[in-house]
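The values are calculated or read from the model by the stated rules, or taken from the named source; none is laboratory data. As the structure is a prediction and not an experimental result, all values here were calculated from the model. All Cβ positions, glycine included, derive from the backbone under ideal geometry; neighbour counts span all protein chains shown.
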Amino acid sequence: MARLLRTLIGLAFVLGVAGVAVPGTASAAAADYPTAYLTKTQYLARNPDPGLPDSCAERDITLAAGRYNWGFRAGSSSPVAREIRLGAGTYRWSTCLNPDGDGYLHTSVLLPRNPDWDPASIGWSWNPSSSGTYTWGSFLDPLF
(Lines give C-alpha, C1' and ligand atoms only; values in the text may rest on other atoms or scores of the structure.)
Protein backbone atom coordinates (compact mmCIF):
# COMPACT_ATOMS: atom_id res chain seq x y z
CA MET A 1 0.00 0.00 0.00
CA ALA A 2 2.84 2.41 0.82
CA ARG A 3 4.40 1.69 -2.57
CA LEU A 4 1.09 2.50 -4.33
CA LEU A 5 0.79 5.72 -2.33
CA ARG A 6 4.35 6.78 -3.28
CA THR A 7 3.57 6.00 -6.94
CA LEU A 8 0.37 8.07 -6.85
CA ILE A 9 2.16 10.98 -5.13
CA GLY A 10 4.94 10.78 -7.72
CA LEU A 11 2.38 10.69 -10.52
CA ALA A 12 0.53 13.68 -9.04
CA PHE A 13 3.83 15.59 -8.88
CA VAL A 14 4.63 14.78 -12.51
CA LEU A 15 1.16 15.80 -13.64
CA GLY A 16 1.41 19.00 -11.61
CA VAL A 17 4.74 19.86 -13.24
CA ALA A 18 3.28 19.11 -16.67
CA GLY A 19 0.37 21.43 -15.87
CA VAL A 20 2.79 24.19 -14.94
CA ALA A 21 4.85 23.58 -18.10
CA VAL A 22 1.91 23.96 -20.49
CA PRO A 23 1.57 27.76 -20.15
CA GLY A 24 5.30 28.11 -20.75
CA THR A 25 4.95 26.07 -23.90
CA ALA A 26 2.13 28.29 -25.14
CA SER A 27 4.24 31.40 -24.48
CA ALA A 28 7.16 29.86 -26.33
CA ALA A 29 4.89 29.06 -29.27
CA ALA A 30 3.61 32.66 -29.37
CA ALA A 31 7.21 33.91 -29.33
CA ASP A 32 8.11 31.47 -32.11
CA TYR A 33 5.18 32.61 -34.27
CA PRO A 34 4.76 36.39 -33.94
CA THR A 35 2.25 38.40 -35.95
CA ALA A 36 3.46 38.92 -39.52
CA TYR A 37 2.89 42.20 -41.35
CA LEU A 38 2.93 43.24 -44.99
CA THR A 39 2.71 47.05 -45.10
CA LYS A 40 3.36 50.07 -47.26
CA THR A 41 3.67 53.76 -46.35
CA GLN A 42 2.47 56.37 -48.85
CA TYR A 43 0.42 59.49 -49.42
CA LEU A 44 -3.30 58.72 -49.86
CA ALA A 45 -6.07 61.10 -50.90
CA ARG A 46 -9.33 61.14 -48.96
CA ASN A 47 -11.37 60.81 -52.19
CA PRO A 48 -8.95 59.28 -54.70
CA ASP A 49 -9.43 59.42 -58.45
CA PRO A 50 -10.69 55.96 -59.48
CA GLY A 51 -8.35 56.14 -62.49
CA LEU A 52 -5.25 55.99 -60.28
CA PRO A 53 -3.27 52.73 -60.38
CA ASP A 54 -3.47 50.15 -57.59
CA SER A 55 -0.78 50.33 -54.92
CA CYS A 56 0.58 46.94 -53.84
CA ALA A 57 3.18 45.20 -51.70
CA GLU A 58 4.10 41.52 -51.79
CA ARG A 59 6.48 38.97 -50.34
CA ASP A 60 6.93 35.25 -49.76
CA ILE A 61 6.07 33.93 -46.31
CA THR A 62 6.46 30.48 -44.75
CA LEU A 63 3.68 29.60 -42.32
CA ALA A 64 3.02 26.85 -39.81
CA ALA A 65 -0.27 24.95 -40.10
CA GLY A 66 -3.03 26.41 -37.96
CA ARG A 67 -5.59 29.13 -37.42
CA TYR A 68 -4.75 32.78 -38.05
CA ASN A 69 -6.49 36.14 -37.79
CA TRP A 70 -5.95 37.66 -41.22
CA GLY A 71 -6.76 41.29 -41.59
CA PHE A 72 -6.21 44.86 -42.67
CA ARG A 73 -4.99 47.91 -40.83
CA ALA A 74 -4.48 51.48 -42.00
CA GLY A 75 -3.02 54.37 -40.02
CA SER A 76 -4.48 54.49 -36.52
CA SER A 77 -7.76 52.83 -37.52
CA SER A 78 -8.81 49.69 -35.69
CA PRO A 79 -7.79 46.50 -37.46
CA VAL A 80 -10.42 44.45 -39.26
CA ALA A 81 -9.81 40.68 -39.37
CA ARG A 82 -11.31 37.30 -40.02
CA GLU A 83 -10.16 33.85 -38.97
CA ILE A 84 -8.61 31.52 -41.54
CA ARG A 85 -7.07 28.04 -41.35
CA LEU A 86 -3.89 27.54 -43.37
CA GLY A 87 -1.70 24.56 -44.16
CA ALA A 88 2.03 24.57 -43.46
CA GLY A 89 4.03 25.84 -46.39
CA THR A 90 5.25 28.82 -48.37
CA TYR A 91 2.84 31.40 -49.76
CA ARG A 92 3.14 34.47 -52.01
CA TRP A 93 1.41 37.16 -49.95
CA SER A 94 0.15 40.35 -51.60
CA THR A 95 -1.82 43.32 -50.36
CA CYS A 96 -3.25 46.08 -52.57
CA LEU A 97 -5.24 49.31 -52.36
CA ASN A 98 -7.47 50.09 -55.32
CA PRO A 99 -8.75 53.70 -55.49
CA ASP A 100 -12.50 53.72 -56.15
CA GLY A 101 -13.42 57.43 -55.87
CA ASP A 102 -15.05 57.24 -52.43
CA GLY A 103 -12.03 55.62 -50.77
CA TYR A 104 -10.07 52.44 -51.33
CA LEU A 105 -10.77 48.77 -51.75
CA HIS A 106 -8.15 46.78 -49.89
CA THR A 107 -7.47 43.23 -51.05
CA SER A 108 -5.03 40.68 -49.73
CA VAL A 109 -4.19 37.33 -51.35
CA LEU A 110 -2.30 34.27 -50.13
CA LEU A 111 -1.16 32.17 -53.09
CA PRO A 112 0.14 28.81 -51.83
CA ARG A 113 3.21 27.28 -53.49
CA ASN A 114 1.46 23.90 -53.11
CA PRO A 115 -0.34 23.42 -56.47
CA ASP A 116 -3.05 21.30 -54.81
CA TRP A 117 -4.24 24.18 -52.62
CA ASP A 118 -6.52 27.04 -53.60
CA PRO A 119 -5.52 30.69 -53.09
CA ALA A 120 -7.23 32.63 -50.30
CA SER A 121 -8.32 36.26 -50.52
CA ILE A 122 -9.98 38.92 -48.37
CA GLY A 123 -11.17 42.45 -49.05
CA TRP A 124 -12.50 45.53 -47.26
CA SER A 125 -13.46 49.07 -48.19
CA TRP A 126 -11.62 51.87 -46.40
CA ASN A 127 -11.96 55.64 -46.55
CA PRO A 128 -9.25 57.68 -44.81
CA SER A 129 -10.58 60.50 -42.64
CA SER A 130 -8.30 62.97 -44.42
CA SER A 131 -5.63 63.06 -47.10
CA GLY A 132 -2.15 62.34 -45.80
CA THR A 133 0.62 59.79 -45.40
CA TYR A 134 -0.56 56.43 -44.08
CA THR A 135 0.98 53.07 -43.32
CA TRP A 136 -1.48 50.42 -44.43
CA GLY A 137 -1.44 46.70 -45.10
CA SER A 138 -2.27 43.17 -44.01
CA PHE A 139 -1.36 41.09 -41.00
CA LEU A 140 -1.43 37.40 -40.09
CA ASP A 141 -1.76 36.76 -36.36
CA PRO A 142 -1.28 33.10 -35.30
CA LEU A 143 -3.96 31.76 -32.97
CA PHE A 144 -1.90 28.84 -31.65
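See the values below:
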{"item": "Enumeration of residues in region 97-126 that are in a strand (DSSP E or B), closer than 17 Å to residue 84 by Cβ and not polar (S, T, N, Q)", "result": "106, 109, 110, 111, 112, 120, 122, 123, 124"}
{"item": "Filter result for the condition that a residue is more than 18 Å from the chain's Cα centre (by Cα) and hydrophobic (A, V, I, L, M, F, W, C), over 117, 136", "result": "117"}
{"item": "Looking only at region 44-86, and only at residues there that are surrounded by fewer than 12 Cβ atoms within 10 Å (Cβ to Cβ), over 19 Å from residue 33 (Cβ atoms) and of a type in the set (Asp, Glu), the one that is nearest to the chain's Cα centre (by Cα)", "result": "54"}
{"item": "Some residue of region 66-75 being modelled with pLDDT under 95 and basic (Lys, Arg)", "result": "yes"}
{"item": "Residues located in region 29-43, provided they are among the charged types (D, E, K, R) and surrounded by 11 or more Cβ atoms within 10 Å (Cβ to Cβ)", "result": "40"}
{"item": "Subset of region 87-110 (residues that are in contact (Cβ under 8 Å) with a residue 60 or more places away in the chain and either under 15 Å from residue 36 (Cβ atoms) or small (Gly, Ala, Ser) (or both))", "result": "108"}
{"item": "Only listed residue being part of a loop (DSSP other than H, G, I, E, B) and polar (S, T, N, Q), chosen from 129, 94", "result": "129"}
{"item": "Conditions (1) modelled with pLDDT under 95; (2) over 19 Å from the mean Cα position of the chain (by Cα); number of the one not met by residue 104", "result": "(1)"}
{"item": "Residue within region 124-133 that is surrounded by 15 or more Cβ atoms within 10 Å (Cβ to Cβ), touching a Lys or Arg at 6+ places or on another chain (Cβ under 7 Å) and either free of Cβ contacts under 8 Å to residues at least 40 places away in the same chain or not polar (S, T, N, Q) (or both) present", "result": "yes"}
{"item": "Test result for residue 78, out of contact with any Phe, Trp or Tyr (no Cβ under 6 Å at 6 or more places or on another chain), in contact (Cβ under 8 Å) with a residue 60 or more places away in the chain and not in a strand (DSSP E or B)", "result": "no"}
